[in-house]
Amino acid sequence: MTAQSPRPPEPHRVVIVGAGFGGLEATYRLAGAPVSITLIDRRNHHLFQPLLYQVATAALATSEIAWPIRYLLRGRSEVTTLFATVSGVDAQTKRVMLEDGGTIAYDTLVLATGARHAYFGHDEWEPFAPGLKTLEDATTLRRRILVAFERAERETDPQRRAALLTFVIIGAGPTGVELAGTIAELARDTLPPDFRNIDTHDARVVLIEAGPRVLAGFPEDLSAYAQRSLEDLGVEVVLGMAVTECSAEGVVYGGNRLEAKTLIWAAGVRASRAAEWLGAPSDRAGRLEVLPDLTVPGHPDIFAIGDTVVVAGPDGKPVPGIAPAAKQQGRYVAESIKARLRGEVPGPFRYKHSGSLAQIGKRKAVIDFGRIKLRGALAWWIWGIAHIYFLIGLRNRLSVALSWLWIYARDQRVARLITQGSSKVGR
Ligand SMILES: Cc1cc2nc3c(=O)[nH]c(=O)nc-3n(C[C@H](O)[C@H](O)[C@H](O)COP(=O)(O)OP(=O)(O)OC[C@H]3O[C@@H](n4cnc5c(N)ncnc54)[C@H](O)[C@@H]3O)c2cc1C
């Protein structure tokens, strides 16, 4: 009889749902811990959402801002990547349920499922005013913007041509401002030599905001600078008026009707269904109200992080829904899991705000680092360098830097491809 060697203990099973900024950071930071990790995402890629608008406006190609998750984790043998959609959580049996009927068991669960668009109870507006959240959204918007110019080139009726050349962006947060500035530059600097029957300078870019100023999260002087810069680019900024209708014909705001064939929604977000899965408390935007250690009330083995949660920052205000916050939470959760496995009790999550950045156009950006506030060309360079730094991989950094230098020097946006259909396809 041979003596049986004792079986090594099963590693602690961590399941992470969502390979966005929060989930991926948690996975990275768990390297070396005695755990097995299952990372589940309904997309096969990690997406750098801050530059989505550059895909939508033909400045960058899709592959420059997204990476296959499996590839990013190819060197981590303890990580299993699953391309699947989670439809619920059974906290009693400690299983994650998948849409296709499968289930995955966990010892510790991390929900990092982000947020999606919110139409404030008007979901019927979505087909007319799509938002920007996924690569598909970005290529759909790119298609609509470019098709509008193509159709205008062939349109002989002046009213219909004007509607085709009117681009309305709803919501003047960073995404709305960045889209408005870039579409204006596209029409003003990039496209004019390419068309024969239209003058693309005639394009109207209208940015509508229900609040009193653009970039409401920035200090007032930077908001004012952003508004002036947009107006210098020819953007019409409408403040203090809520949109009350979106349709195939255009928008209605503050009682005014504006005919426009391209509407873009940048006005609101709603958290993923993570709170619903657990019957956990949530705020009006559906964000799960986590405890200070980022666990779900009543479920110490379930963490939730990033855009799908609400938690107070050091100033008592909710931690903002931005990439650095999601990454800090991912890092904190990884450290908490490691500490617990060592038998320690981790302290609460403490958010550190490193600053807010928004680009308005070429050579124009605003940065709020707290005590240091910057605007103009210097801010634009810092914005560009920061974004290149946060991209993954040397190849993408070089490629994005080259694309931007090309735009900077030549006003050429090379990703002007109309995909997903032929010239016959409508909206
Ligand atoms: C257009 C745009 C511009 C932005 N600009 C900036 C910016 O300039 N600076 C900044 O700091 N932040 C910016 N943000 C915000 C930033 O991208 C988010 O705060 C950040 O992505 C949140 O990270 P997260 O991990 O919580 O969610 P996400 O990064 O959204 O990741 C969530 C992941 O979960 C997956 N998922 C969701 N539901 C399921 C499910 N049921 N099953 C399986 N997988 C699921 C998704 O596919 C996704 O991969 C921007 C966001 C957008 C949309």
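Estimated at 0.36 nm per residue, the fully extended path between F195 and D107 surpasses their Cα-Cα distance by 25.7 nm. List, in the order given, every pair from K317/K364; K317/K352; K133/K373; K352/K373 whose Cα-Cα distance in the structure shown is over 24 Å. Violating the 24 Å Cα-Cα cut-off are K317/K364; K133/K373. Inter-label distance, A409 to Q159: 4.8 nm, where each label sits 7 Å from its Cα along the C-beta direction.
The listed peptides 59-71, 400-412, ordered by packing as a protection proxy, come out as 59-71, 400-412 (highest mean of other Cβ atoms within 10 Å first). Considering only V110, P314, S403, and ranking their Cα positions along the charge dipole of the chain that arises from unit charges at the beta-carbon of Lys, Arg, Asp and Glu, the one farthest toward the positive end is S403.
A convex hull fitted around the alpha carbon atoms of the chain yields 167 Å³ per residue.
Backbone geometry of segment 291-306 corresponds, through the Karplus equation with coefficients 6.51, -1.76 and 1.60 at θ = phi - 60°, to 3J(HN,Hα) couplings of 7, x, 9, 6, 8, 7, x, x, 9, x, 9, 10, 9, 9, 9, x Hz, x marking Gly and Pro. Does segment 148-244 classify as rounded, prolate or oblate by the C-alpha gyration tensor (a ≥ b ≥ c root eigenvalues; a/c under 1.5 gives rounded; else a/b over b/c gives prolate, otherwise oblate)? Verdict is prolate for segment 148-244. The Cα atoms of segment 265-312 define a convex hull whose projected area, averaged across directions, is 3.5 nm². Taking only DSSP H segments of four or more residues, each worth -39500 (n - 2.57), what value at 222 nm results for the chain once the sum is divided by all its residues, to the nearest 500 deg cm²/dmol? Theoretical 222 nm ellipticity from helices: -9000 deg cm²/dmol.
If you run the Gaussian network model on the chain, springs between alpha carbon atoms under 10 Å, then out of G22, G88, G181 the most flexible one is G88. Our summary gives segment 117-201 a relative contact order of 20 percent, counting only alpha carbon pairs under 8 angstrom and 6 or more residues apart. Calculate how many DSSP beta bridges within the chain are antiparallel, expressed in % of all such bridges and rounded to the nearest 5. Antiparallel bridges make up about 50 percent of those DSSP assigns within the chain. For R371 and D301, the FRET efficiency from 1/(1 + (r/R0)^6), where r spans their Cβ atoms and R0 equals 35 Å, is about 0.30. Excluding same-chain neighbours fewer than eight residues apart, the aspartates and glutamates reachable from K261 by a Cα-Cα span under 12 Å are E249. For S354, neighbours were defined as the other residues whose beta-carbon sits under 11 Å from its Cβ, and their charges (Lys and Arg +1, Asp and Glu -1) total +1. By the rule of a C-alpha distance below 13 Å, with chain neighbours fewer than 8 residues away ignored, the aspartates and glutamates paired with K362 are E178, E185, D189, D232, D411. Loop-resident chymotrypsin sites (Phe, Trp or Tyr not before Pro) (DSSP state other than H, G, I, E or B) in segment 361-402 with no more than 16 further Cβ atoms inside 10 Å of their Cβ: F369. Each Cα pair under 8 Å and six or more residues apart adds its sequence gap; the mean of these over the residue count of segment 344-427 is a relative contact order of 15 percent. Phi-derived couplings, Karplus 6.51 cos²θ - 1.76 cosθ + 1.60 at θ = phi - 60°, listed residue by residue for segment 398-414: 5, 5, 5, 4, 5, 4, 5, 5, 4, 5, 4, 8, 10, 6, 9, 10, 8 Hz, with x used for Gly and Pro. With a sphere of radius 13 Å drawn around the Cβ of G279, what net charge do the other residues whose Cβ falls strictly inside it have (Lys, Arg +1; Asp, Glu -1)? So the surrounding residues net to -2.
Rule-based calculations on the coordinates, nothing more; no lab input. Everything quoted here is computed from the prediction, not taken from an experiment. When we count neighbours, we look across all protein chains shown, and the Cβ atoms used for this are built from the backbone with ideal geometry, even at glycine.
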